[in-house]
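Structure first, commentary second.
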Amino acid sequence: MSVILKTDKLRVEFKSREFRQSPKVALSGLDLEVGTGEVFGFLGPNGAGKTTTINVLLGFVQPTSGAAALFGIDVRQPIARQRIGYLPEMTYYYKFLSAEELLRFYAKIFGLPRNETDKRIAQLLKLVELEHASKRQIKTYSKGMQQRVGLAQALINNPDLLVLDEPTSGLDPVGRMKVREIIQRLKNEGKTVFFASHELGEVETVCDRVAIISEGELKAIGRVSEIVAQHPSLEKAFLEVIGYKPQLA
Amino acid sequence: MRTIFALAGVVIKELYRRKDFYVLFILTIVICVIMASVNIFNDNQIVRYLKELCLLLIWISSLVIAITTTARQIPAEREQRTLLPLLAKPLTRTQLILGKFLGCWLACGLVLICFYVFFGALAASREHAWPLLSYFQAAILHWMALGVVIAMTLLGSLVFAAPSSNSTICFVLVATILCVGRYLDAVALTLGEPLRSVIYAFYYAIPHVEIPFEMRNLIVHDWPLIGWKFIGLDILYLLAYMAIFLVAACLVFRRKPVN
Ligand SMILES: Nc1ncnc2c1ncn2[C@@H]1O[C@H](COP(=O)(O)OP(=O)(O)OP(=O)(O)O)[C@@H](O)[C@H]1O
Ligand SMILES: [Mg+2]
């Protein structure tokens, strides 16, 4: 199994706007390795640094120190993003385009040939069940539909690595189930999925391995089965790892 | 290149799917038609006056369209968070800037074609003449001048946070150049040092988009064509300014954090 995503002593500091305030450390010394074909869950409380990690992986944020690589290529090079699909945390897309036009636009950036693009768009619209709305402008979509457009655009280039930031937020139970099925299907095709989530149940069912971070530091990493074996449940494990003490006796 | 054209395509689509552009366009046309229908003495002077006003209106409208469209591009990408999925694709930030520029510039080119065809029709209805080459010379320099304005606005949209303040600044700057840019050297002559050197420096540094602006006279007064060599040189001069602004924009954007 080869390593497809790797971070090495990653540290990210955000300079604070106020004068003479110490910078905010969002990540410190984060080491992660994700192998080909894995579904990797990335957990942590709000503000733990999950989105920041993903932003570094996509080259949006420059690490203060340390390095990150995808497919063995430093993330600062655009070519490292050729084989990945990305779904941001909160997404909106060009409101004045239809889902089909949006997908076509992204396909052009990836340089997909025309006939392949047509096939791919038809497949994806079917997968996320937006065929009936594919010609409507995105501004007329519901939130769940927009989230599904996001999933479709993340898959347009048939990526080998999928980076998802809370893919099921804002979806109804059926929508969540669908996303889970899609992840499962991608896994069966041998793709790698790296996703941040707060849905522990979902993580437990689809992930091979998980990492739990808190305040920018890696607190635990390992196979889901191992972590669950040591604790009553993944939720208990999560709360213990991040050091949560019950408020009520 | 393919990426740049794909980006430009989205900009153009946005422009023709928004309503504010049509409002401005139709407003300009309606005002011009009303003015043209005011048939007072039908003497030469009046026709000239009308042509002058129409061209001025076309210049103002095209500048407003160019500046507002461009000023909004990158701030909107940021605000609506479309920048993240876009930059997650294998494209460089330089390509993004060039794509946005090309989109705005081509869109303005299309707008100008509409304006000048309409103007030609309006003038022909009164004068029964189609001085096509004069129109072409005026329109091509007009388009080049808009290119400079667009590149400048794009740079401004990366420097100033709010699109509205950026549009205002760009509009005031362009209006100043159009009105007084030409006279700055004369002004400088009347002043003492060190102000004189400062004004001279300004005179040589600012992009002289007023040369295309003065091309209106070519049409209004039925002047003979300008030499093509001069037109070519002016195009090169304006292209150089576009390049300078775009390089600066790329440098600024490269350093900019995404969120
Ligand atoms: N642009 C920024 N400027 C300053 N601080 C930032 C910036 N982005 C993130 N932070 C800080 O970095 C820390 C990590 O934020 P991050 O968005 O990575 O959290 P997260 O794990 O994704 O949380 P959530 O579960 O709420 O999405 C937070 O404390 C946040 O305040
Ligand atoms: Mg987050």
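The values are calculated or read from the model by the stated rules, or taken from the named source; none is laboratory data. From a predicted model like this one, the values you see are computed outputs, not experimental measurements. In this analysis, Cβ positions are derived from the backbone assuming ideal geometry, glycine residues included, and neighbour counts consider all displayed protein chains. Areas reflect the complete protein model, heavy atoms only, side chains present, ligands, DNA and RNA absent. Shrake-Rupley method; radii C 1.70, N 1.55, O 1.52, S 1.80 Å.
For region A:1-27, a residue qualifies if it is at positive phi and either part of a strand (DSSP E or B) or within 15 Å of ligand 2 (Cβ to nearest atom) (or both), and exactly one does: A:LYS9. Annotation: B:VAL111 fulfils all but one of (1) of a type outside the set (Phe, Trp, Tyr); (2) open to solvent by 20 Å² or more (accessible area, probe 1.4 Å); (3) more than 30 Å from A:GLN147 (Cα to Cα); the unmet one is (2).
Checking each residue in region B:1-23 for being assigned to a helix (DSSP H, G or I) and either among the charged types (D, E, K, R) or farther than 18 Å from B:TRP105 by Cβ (or both) picks out B:ARG2, B:LYS13, B:GLU14, B:ARG17, B:LYS19, B:ASP20, B:TYR22, B:VAL23.
How many residues does region A:101-147 contain that are over 21 Å from B:ALA88 (Cα atoms), polar (S, T, N, Q) and without any contact (Cβ under 8 Å) to a residue 40 or more places away in the chain? Of the residues in region A:101-147, 5 are over 21 Å from B:ALA88 (Cα atoms), polar (S, T, N, Q) and without any contact (Cβ under 8 Å) to a residue 40 or more places away in the chain. Annotation note: Cβ proximity below 6 Å between a residue of region A:26-55 that is without any contact (Cβ under 8 Å) to a residue 12 or more places away in the chain and a residue that is near ligand 2 (Cβ under 9 Å from one of its atoms) (sequence gap 6+ or interchain) occurs for no pair. For region A:72-97, a residue qualifies if it is surrounded by fewer than 20 Cβ atoms within 10 Å (Cβ to Cβ) and of a type outside the set (Lys, Arg), and the qualifying residues are A:GLY72, A:ILE73, A:ASP74, A:GLN77, A:PRO78, A:ILE79, A:GLN82, A:GLU89, A:MET90, A:TYR92, A:PHE96. Screening A:LYS135, A:LYS108 for residues that are more than 10 Å from chain B (Cβ to nearest Cβ), open to solvent by 30 Å² or more (accessible area, probe 1.4 Å) and over 16 Å from the mean Cα position of the chain (by Cα) leaves exactly one candidate, A:LYS135.
Screening A:GLY37, A:GLY47 for residues that are within 11 Å of ligand 1 (Cβ to nearest atom) and outside any strand (DSSP E or B) leaves exactly one candidate, A:GLY47.
For region B:243-259, the condition of being within 16 Å of ligand 1 (Cβ to nearest atom), over 30 Å from B:LEU50 (Cβ atoms), open to solvent by 40 Å² or more (accessible area, probe 1.4 Å) and basic (Lys, Arg) holds for at least one residue.
Would you confirm whether or not region A:28-47 contains a residue that is within 14 Å of another protein chain (Cβ to nearest Cβ), away from ligand 2 (no atom under 16 Å from the Cβ), open to solvent by 10 Å² or more (accessible area, probe 1.4 Å) and under 17 Å from A:VAL193 (Cα atoms)? No, every residue in region A:28-47 fails to be within 14 Å of another protein chain (Cβ to nearest Cβ), away from ligand 2 (no atom under 16 Å from the Cβ), open to solvent by 10 Å² or more (accessible area, probe 1.4 Å) and under 17 Å from A:VAL193 (Cα atoms). Filtering region A:52-76 to residues that are facing chain B (nearest Cβ under 9 Å) and either more than 20 Å from A:GLY35 (Cβ to Cβ) or part of a strand (DSSP E or B) (or both) leaves A:ASN55, A:GLY59, A:PHE60, A:VAL61, A:GLN62. Set side by side, the residues B:THR69, B:THR92 differ, and just one is within 14 Å of chain A (Cβ to nearest Cβ) and modelled with pLDDT under 90, which is B:THR92. Filter region A:145-173 down to residues that are touching a helix residue (DSSP H, G or I) at 6+ places or on another chain (Cβ under 9 Å), away from ligand 2 (no atom under 16 Å from the Cβ) and open to solvent by 40 Å² or more (accessible area, probe 1.4 Å), then give me how many there are. Result for region A:145-173: 3. The set of residues in region A:84-119 being closer than 21 Å to B:ALA76 by Cβ and among the basic types (Lys, Arg) consists of A:LYS95, A:ARG104, A:LYS108.
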